[in-house]
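**Student:** Quick one: this structure, given as structure tokens, is what I'll be asking you about.
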Amino acid sequence: MWAFQSPRTFQLPLLPKQSFQTPLSSKHSSVSLQSSNINQIVQSLCRQGNLKQALQILPNEPNPTQHTYELLILSCSRRKSLSDAITVHRQIVDDGFDQDPFLATKLINMYSDLDSIENARYVFDKTHNKTIFVWNAIIRALALAGQGDEALSLYYWMNQIGVPSDRFTYPYVLKACVTSSLPVSLLRRVQEIHAHIVRHGLESHVHVATTLVDAYAKFGCVSYACRVFDEMPERNVVSWSAMIACYAKNGRSFEALDLFHEMMTRTHDAIPNSVTMVSVLQACASIASLGQGKLMHGYVLRRGLDSILTVINALVSMYAKCGSLKIGRHIFDRMGKRDVVSWNSMISGYGIHGYGEEAIQVFNQMITTGISPNSITFVSVLGACSHVGLVNEGKRLFQSMIQEYRIFPSAEHYACMVDILGRAGHLDEAAKVVEDMRIEPGPTVWGSLLGACRIHCNVELAERACLRLFELEPKNAGNYVLLADIYAEAKMWEEMNKVKKLLEAKGLQKVPGCSWIEIKKKIYAFMSVDELNPQIEQLHALLVQLSAEMKDRGYIPDTKVVLYELDQTEKEQIILGHSEKLAVAFGLINSNYGETIRITKNLRLCEDCHSVTKFISKFANREILVRDVNRFHHFKDGVCSCGDYW
DNA sequence: CCTTCATGTA
């Protein structure tokens, strides 16, 4: 339960009293302007955005009005000037208006806009007559400043002293839950607030319910979010966008797209906007549906949303992730304005397609253009290096990130370095990177070390990584499977069985492999054991035939990923039924000769599928593009673009 | 006075 904390009080953060340096500095000066005129002049100067002059004239007004101060405050927010803000605040205090709750609310919002949360808090603490507006303003300010805990603390305080919260309080109380850093179950907190909302009869309010959807989404509780959304009596674009984003962010892309279609067909009051489209494009990207993505691009053009930066960035990223780097690049080249996200999208696009040098080239162009790289830029460019094995380039970039760009390496950056070194076979160096880390190595770092051990079959190091990983991610079946794979490859059957038993004892299951392919705008998904597909027998027959022909040409099925004690023929049958092979066979039968077969897979490609697909690309003379969890593989003439390095 | 969105790693 939440422990009630008495709110902290802040020291006076205001600047010392300033004296005005203008000849009009005293409000008792003998300027001949009429007082009522001065109020109006100050107000009109504020409306024109001439804050400096307004401030100069203000001291001449013997009776400034609340409205004059309000305009001054709004001016400061707009001009982003903290020093002017403090001057205005000082004047309000001097003139005895500081206990006006209306102005206090405005001051809190002003300081919040100027990222000066201490001053906002000072105003709040000094205001005796704390109206609901004042409370809402400070909770909003704290939540936006990332001080969720403090915001929640005030919310509980206002409940305790009997101030009734309203529909304006809850959106920011919920935001506070998302930014809170307390080690208590945060989902429980959202549920608790949800109960308060119901008690106040606010659950059907559009803004409150929308924030509730978003809060549940942020904690990965799709079903709760969905329930709130379904029960909303009234929904607007924002509500629809929040629910679509909830699906897209939580790996439920098909539901995101379905909901978008429902939004388009069933409602007349909610027209998708740029925010909606960004989430929809993200959903298309994560399932690599080029067909859906193009449809959405068409919609973006028809709605005139194609000049909005976030949308264009989402398009660049979507095309790259759907396998069409060319279209992505084309859009990128035609952008009038590019921000750091645009560049990052392009860099990672090259990275996932295995074009490491090009990714670095784009990175260099970005620097020459004068855009400062951020932390994500380096994750992208380092990721690009690891896909191609650019070890020295990777090391150099990592150093320059720290020394030139003063970006402190995060666990993700270290994970990239471990991946670059480990994948290239420098396992000791990779292990040393982990040892020398100045922050706690998280699951990502250990995970990439384990991945490298899998490739190079290093049992000892893998065990070390798993020791930490099983602790950090007890429910991630993938780690157990990787370790079992490594034992299997090292022919350590006893140990392998132990890991398998451990996995079973924990009630965890291997994530089933799934591949899908889009034919004529329809998506067909395959699982390894798939009797639902009407063509399944035809697919199996084709694969058996292909397998036989391949064996004549020297193909030896690689069955080491099969962790069951079966004879060789049975193992071969299992791997021949891998979802990716089914999808390839389906593509061969159901698409036209000359068309590229595009397949997406939810896991990393297994080695056997990789060599079979290489063979098929030559044998059937077809280009096959496969996106696995990490990257693209472009198969052509019996060769893969990854150069068997993946 | 309030609500939705973009880039990356394993």
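FYI, it's all coordinate maths here, none of it is from the lab. Quick caveat, the model's predicted, so the values are computed rather than measured. A quick note on method: Cβ atoms are made from the backbone with ideal geometry, for glycine too, and the neighbour counts reach across all protein chains shown.
**Student:** What's the longest uninterrupted piece of chain A once you rule out the GluC sites (Glu not before Pro) that are loop residues per DSSP with at most 12 other Cβ within 10 Å?
**Tutor:** Numbers: sites that count: A:GLU234, A:GLU404, A:GLU531, A:GLU565, A:GLU595.
Free of exposed loop sites, the longest segment is A:1-233.
**Student:** Could you list log10 I(q)/I(0) for segment A:119-201 at q = 0.12, 0.22, 0.24 Å⁻¹, which the Debye formula gives when each Cα is one point scatterer?
**Tutor:** Values returned for q = 0.12, 0.22, 0.24 Å⁻¹ are -0.31, -1.04, -1.21.
**Student:** With θ set to phi - 60° and the Karplus curve 6.51 cos²θ - 1.76 cosθ + 1.60, what are the ³J(HN,Hα) couplings of segment A:442-456 in order, to the nearest whole Hz, using x for Gly and Pro?
**Tutor:** Once θ is set to phi - 60°, the couplings for segment A:442-456 become x, x, 5, 5, 4, x, 6, 5, 4, x, 5, 5, 5, 5, 9 Hz.
**Student:** Between A:TRP157 and A:SER400, what FRET efficiency comes out of the Förster formula 1/(1 + (r/R0)^6) with R0 = 56 Å and r the beta carbon distance, rounded to 0.05?
**Tutor:** Details: r = 48 Å, r/R0 = 0.86.
Working from the Cβ atoms, E equals 0.70.
**Student:** Taking 8 Å as the Cα distance limit and 6 or more residues as the minimum spacing, I'd like the relative contact order of chain A as a percentage. Before the final figure, lay out the partial values.
**Tutor:** On the way: 961 pairs, mean separation 37.3, N = 646.
The value is 6 percent.
**Student:** What trypsin sites (Lys or Arg not before Pro) does segment A:509-565 have in DSSP loop regions with at most 12 other beta carbons within 10 Å? Mind showing how you got there, number by number?
**Tutor:** Numbers: sites: A:LYS510, A:LYS520, A:LYS521, A:LYS522, A:LYS551, A:ARG553, A:LYS560; in loops: A:LYS510, A:LYS520, A:LYS521, A:ARG553, A:LYS560.
Here the trypsin sites (Lys or Arg not before Pro) that fit, given the DSSP loop and packing criteria, are A:LYS520, A:LYS521, A:ARG553.
**Student:** Taking every pair of distinct Cα atoms and averaging 1/r, then inverting, what Kirkwood hydrodynamic radius in Å comes out for segment A:257-379?
**Tutor:** Details: mean 1/r = 0.0672 Å⁻¹.
By the Kirkwood definition, the hydrodynamic radius is 14.9 Å.
**Student:** Another question, then. Rounded to whole Å, give me the distance from the Cα center of segment A:362-436 to that of segment A:466-521.
**Tutor:** 28
**Student:** Another question, if that's okay. Residues of segment A:445-472 with the amide nitrogen closer than 11 Å to a label point 7 Å from the Cα of A:LEU502, along Cα-to-Cβ, please.
**Tutor:** Only A:463-471 fall inside the zone, counting backbone N under 11 Å.
**Student:** Okay, next question. Tell me the angle of helix A:237-249 to the major Cα principal axis of chain A, expressed in degrees between 0 and 90 and rounded to the nearest ten.
**Tutor:** Relative to chain A, helix A:237-249 is tipped by roughly 40 degrees.
**Student:** Considering Cα pairs under 8 angstrom that are at least six residues apart, work out the relative contact order of segment A:187-262 and quote it in whole percent. List each step's numbers first, then the result.
**Tutor:** Working: 77 pairs, mean separation 20.3, N = 76.
Computed value for segment A:187-262: 27 percent relative contact order.
**Student:** Nearest 10 degrees, 0 to 90: what angle lies between the long axis of helix A:411-423 and the longest principal axis of chain A (Cα atoms)?
**Tutor:** The angle comes out at about 20 degrees.
**Student:** If you don't mind, another one. Determine, from the Cβ-Cβ distance of A:GLU357 and A:GLN509 and an R0 of 41 Å, the FRET efficiency 1/(1 + (r/R0)^6), rounded to the nearest 0.05. Don't skip to the end; give the middle numbers.
**Tutor:** Working: r = 40 Å, r/R0 = 0.98.
E between A:GLU357 and A:GLN509, to the nearest 0.05, is 0.55.
**Student:** Next up: With label points built 7 Å along Cα→Cβ from the Cα atoms of A:TYR564 and A:HIS330, find their separation and express it in nm.
**Tutor:** 4.7
**Student:** To test your reading of the geometry: what angle, between 0 and 90 degrees and rounded to tens, separates the Cα axis of helix A:82-94 from the longest principal axis of chain A?
**Tutor:** 40
**Student:** Simple spin-label model, 7 Å along Cα-to-Cβ: A:LYS551 to A:MET492 in nm?
**Tutor:** 3.3
**Student:** Follow-up. Quick one: divide the alpha-carbon radius of gyration of segment A:529-640 by 2.2 N^0.38 Å and tell me what you get. Can you show the working numbers first?
**Tutor:** Details: Rg = 13.3 Å, N = 112, 2.2 N^0.38 = 13.2 Å.
Compactness ratio reported: 1.01.
**Student:** A further question follows. With only alpha-carbon pairs counted, each pair once and no self-pairs, how large is the Kirkwood hydrodynamic radius of chain A in angstroms? Don't skip to the end; give the middle numbers.
**Tutor:** On the way: mean 1/r = 0.0347 Å⁻¹.
Value: 28.8 Å, from the Cα pair sum.
**Student:** Taking the Cα atoms of segment A:211-256, report the difference between the largest and smallest coordinate on each principal axis, in whole Å and largest first.
**Tutor:** For segment A:211-256, the Cα spread along each principal axis is 26, 17, 13 Å.
**Student:** Write down the Kirkwood hydrodynamic radius of segment A:412-505, to one decimal in angstroms, obtained as one divided by the mean of 1/r over all alpha carbon pairs. Show your work: numbers first, answer last.
**Tutor:** Working: mean 1/r = 0.0765 Å⁻¹.
Roughly 13.1 Å, rounded to one decimal.
**Student:** Still on this structure, I have one more. Before anything else, pin down the relative contact order of segment A:78-128: Cα pairs under 8 Å, at least 6 apart, normalised by residue count, whole percent. List each step's numbers first, then the result.
**Tutor:** Details: 33 pairs, mean separation 18.9, N = 51.
For segment A:78-128, the relative contact order is 37 percent.
**Student:** Same structure, new question: Rounded to whole Å and sorted largest first, what semi-axes of the equivalent ellipsoid does the C-alpha gyration tensor of segment A:142-298 yield via the square root of 5 times each eigenvalue?
**Tutor:** Working: eigenvalues 193, 56, 28 Å².
Working from the Cα gyration tensor, I get semi-axes of 31, 17, 12 Å.
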